[in-house]
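The values are calculated or read from the model by the stated rules, or taken from the named source; none is laboratory data. Just so you know, these numbers come straight off a predicted model, no measurement behind them. Cβ placement follows ideal geometry from the backbone for every residue including glycine, while neighbour counts extend to all protein chains displayed.
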Amino acid sequence: MKKLATVWATGLLMLAMTGVASASVVVYTDRSSFNAQGSIDSNTNFLDYGTGYTPISTPLIRGDVTFNQAEGIIGTTSGYTKTEQILAGPIVSADIATAPKYNMYGADLAQYNSTPITITIYTDKNIYLFSHIWVSNMNTGNLTFLGGVLTGEYIKGIQVKADNPYSGVGGTNLTFGHSPAPEPSTYALMGIGGLLIAFRLRKSVAGSAITA
């Protein structure tokens, strides 16, 4: 009976981890894997700005996404290509005008002055904090992709901040999308699987009792 209870406890834990009991953020470090999770609705690369450093005045609006607090656009003279114009500043934030809508977010990120960054995700239910993350150094011309998919929640805003206030962070290909919720049949199959495991275990225990 104790083994049977363990099976059901494990099954409930699995259901909770899938987002039925509580929402969660699944983090991706590969853009192709991230894109495969749903539909991409918005992608901003700031290619309408020229080369070099271009000071900007925020807010900067792209569709239903409003970018705030950034100081400028860094272009090709800083080592990036025409497809990698970067929105940069000590803090870069984005607010979503239409909600609920997006539960996927992603960006190619870099930092300068060798400092980690902190990412804060604001949803309709929670605030998620990812602290002291190391990404590529902006001076090298490299970028690090970071993305996340939420279950049961929608994004209201994002803030990316350099941990050192005298440093900075930059991002491009800032992406938002939506990932469909798991089909009800998925949970049904998990429940059937749990019943089968419990049945087999119970049968095994009964058989052991007979032969003992």
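Points worth noting:
- So residue 93, is it part of a loop (DSSP other than H, G, I, E, B) and either modelled with pLDDT of 95 or more or more than 14 Å from residue 27 (Cα to Cα) (or both): no
- Against the test of being part of a strand (DSSP E or B), under 18 Å from the mean Cα position of the chain (by Cα) and more than 20 Å from residue 37 (Cβ to Cβ), the options 67, 145 yield a single qualifying residue, 67.
- Applying the condition of being in a strand (DSSP E or B), of a type in the set (Val, Ile, Thr) and under 13 Å from the mean Cα position of the chain (by Cα) to the stretch 148-176 and asking which residue is nearest to residue 27 (Cα to Cα) yields 149.
- Considering 31, 62, the condition of being basic (Lys, Arg), under 20 Å from residue 122 (Cβ atoms) and modelled with pLDDT of 70 or more is satisfied by 62 alone.
Residue-by-condition table, conditions (1) at pLDDT 90 or above; (2) loosely packed, with under 15 Cβ neighbours inside 10 Å; (3) not assigned by TED's automatic domain parsing to the domain that holds residue 75:
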{"site": "129", "(1), (2), (3)": "yes, yes, no"}
{"site": "134", "(1), (2), (3)": "yes, yes, no"}
{"site": "141", "(1), (2), (3)": "no, yes, no"}
{"site": "147", "(1), (2), (3)": "yes, no, no"}
{"site": "156", "(1), (2), (3)": "yes, no, no"}
{"site": "159", "(1), (2), (3)": "yes, no, no"}
{"site": "172", "(1), (2), (3)": "yes, no, no"}
{"site": "175", "(1), (2), (3)": "yes, no, no"}
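- Scanning the stretch 54-71 for residues that are closer than 22 Å to residue 101 by Cβ and charged (D, E, K, R) returns 62, 64.
- Residues of the stretch 103-129 satisfying the condition of being of a type outside the set (Gly, Ala, Ser), farther than 14 Å from residue 175 by Cβ and in a loop (DSSP other than H, G, I, E, B): 113, 115, 116, 124, 125, 126
- The stretch 44-64: number of residues that are of a type outside the set (A, V, I, L, M, F, W, C) and not in a strand (DSSP E or B): 11
- Reported count of residues in the stretch 177-189, each being of a type in the set (Phe, Trp, Tyr) and either within 19 Å of the chain's Cα centre (by Cα) or modelled with pLDDT of 85 or more (or both), is 0.
- Residues within the stretch 83-107 that are surrounded by 23 or more Cβ atoms within 10 Å (Cβ to Cβ) and of a type in the set (Asp, Glu), tallied: 0
- The stretch 33-45 residues that are within 24 Å of residue 61 (Cβ to Cβ), paired with ones that are exposed (fewer than 15 other Cβ atoms within 10 Å of the Cβ) (beta carbon under 7 Å, 6 or more apart): 38/180; 42/63; 45/83
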